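J.: Quick one: structure below, then a few questions.
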Amino acid sequence: MSEARPPEPLKLQGRKIYHGCVEGEALVAGQGLSFFGGVDPESGRVVERGHELEGLSVAGKVLVFPTGKGSTVGSYTLYRLKHAGAAPLAIVNANCETIIAVGCIIAEIPCVDQIELGKLKSGQILRVDGARGTVEILT
């Protein structure tokens, strides 16, 4: 009699933006996000009025959203979040534009894009491997 093995985690292949491998709880949004004016740089709370994540903190989460928006100062805001201990563990996008890419690079936050976001839900535990450009759904 053979023992049943647990299923392999679903692995999504994307594009590498910034290296690093982390595991953490997903916080998923269907809307774009601006870090300049949309996220408090000291606490990591989303302060953009009307955003579906308003009032929630990105700190210590795998932050999943389609794309960034807003001012180039958003890159520096990601850097400030990192130094305040309030940054996301990783960022996963459908399309990582320049503001998010630069912010992840200067703040050393693993980042992957070109991921099919419809398979990801808040509360899942994800492994993001920025060096390989992969996102695995662990639970």
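The values are calculated or read from the model by the stated rules, or taken from the named source; none is laboratory data. The shown structure was predicted, so the numbers you read here are calculated from the model rather than taken from an experiment. As a convention, Cβ positions derive from the backbone with ideal geometry for all residues, glycine included, and neighbour counts pool all protein chains shown.
J.: Of (1) under 24 Å from PHE36 (Cβ atoms); (2) at pLDDT below 95; (3) of a type in the set (Val, Ile, Thr), THR139 satisfies all except one. Which?
T.: (1) is the only condition that THR139 fails.
J.: Moving on. Which residue out of ILE91, ILE105, ILE109, ILE137 is surrounded by fewer than 18 Cβ atoms within 10 Å (Cβ to Cβ), touching a strand residue (DSSP E or B) at 6+ places or on another chain (Cβ under 9 Å) and closer than 14 Å to LEU63 by Cα? Give the derivation first.
T.: On the way: ILE91 fails: surrounded by fewer than 18 Cβ atoms within 10 Å (Cβ to Cβ); ILE105 fails: closer than 14 Å to LEU63 by Cα; ILE109 fails: surrounded by fewer than 18 Cβ atoms within 10 Å (Cβ to Cβ).
None of the others qualify; the one that does is ILE137.
J.: While we're here: Report yes if LYS11 is surrounded by fewer than 22 Cβ atoms within 10 Å (Cβ to Cβ) and closer than 20 Å to ILE137 by Cα, otherwise no.
T.: In short, yes.
J.: Can you tell me how many residues within region 112-128 are under 12 Å from THR67 (Cα atoms) and either part of a loop (DSSP other than H, G, I, E, B) or aliphatic (A, V, I, L, M) (or both)?
T.: Residues of region 112-128 under 12 Å from THR67 (Cα atoms): 112-115, 117.
Still in the list and also either part of a loop (DSSP other than H, G, I, E, B) or aliphatic (A, V, I, L, M) (or both): 112, 114-115, 117.
Residues meeting the conditions: 4.
J.: Could we say that LYS16 is outside any loop (DSSP other than H, G, I, E, B), exposed (fewer than 15 other Cβ atoms within 10 Å of the Cβ) and in contact (Cβ under 8 Å) with a residue 40 or more places away in the chain here? Can you show your working first?
T.: Details: outside any loop (DSSP other than H, G, I, E, B): yes; exposed (fewer than 15 other Cβ atoms within 10 Å of the Cβ): no; in contact (Cβ under 8 Å) with a residue 40 or more places away in the chain: yes.
When the stated conditions are applied, LYS16 does not pass them.
J.: Please count how many residues of region 71-101 are assigned to a helix (DSSP H, G or I), among the β-branched types (Val, Ile, Thr) and within 14 Å of the chain's Cα centre (by Cα). Quick ask: steps written out before the conclusion?
T.: The first filter runs over region 71-101 and keeps only residues assigned to a helix (DSSP H, G or I), leaving 73-83, 98-101.
Those left that are additionally among the β-branched types (Val, Ile, Thr): 73, 77, 98-100.
Checking the rest, the ones that are also within 14 Å of the chain's Cα centre (by Cα) come to 99-100.
Qualifying residue count, region 71-101: 2.
J.: Of all residues in region 25-53, which are farther than 17 Å from GLU97 by Cβ, within 14 Å of the chain's Cα centre (by Cα), buried (at least 18 other Cβ atoms within 10 Å of the Cβ) and in contact (Cβ under 8 Å) with a residue 40 or more places away in the chain?
T.: Result: ALA26, LEU27, VAL28, GLY44.
J.: Can you go through GLY130, GLY60 and tell me which one is of a type in the set (Gly, Ala, Ser) and within 14 Å of ILE17 (Cα to Cα)?
T.: Details: GLY60 fails: within 14 Å of ILE17 (Cα to Cα).
After applying the criteria, what remains is GLY130.
J.: Which residue pairs have Cβ atoms closer than 9 Å, lie 6 or more positions apart in sequence or on different chains, and pair a first residue in region 63-79 that is in contact (Cβ under 8 Å) with a residue 40 or more places away in the chain and over 14 Å from CYS104 (Cβ atoms) with a second residue that is part of a loop (DSSP other than H, G, I, E, B) and of a type in the set (A, V, I, L, M, F, W, C)?
T.: Taking only residues 6 or more apart or on different chains, the pairs are PRO66/ALA29; PRO66/ALA94.
J.: Here is a further query. Quick one: in region 2-13, which of the residues that are without any contact (Cβ under 8 Å) to a residue 24 or more places away in the chain and either touching a helix residue (DSSP H, G or I) at 6+ places or on another chain (Cβ under 7 Å) or acidic (Asp, Glu) (or both) is nearest to GLY103 (Cα to Cα)? Spell out the reasoning first.
T.: In the first step, residues of region 2-13 are kept if they are without any contact (Cβ under 8 Å) to a residue 24 or more places away in the chain; the result is 2-8.
Cutting the leftovers down to either touching a helix residue (DSSP H, G or I) at 6+ places or on another chain (Cβ under 7 Å) or acidic (Asp, Glu) (or both) gives us 3, 8.
Details: GLU3: 46, GLU8: 32 Å.
Among those residues, the one meeting the criterion is GLU8.
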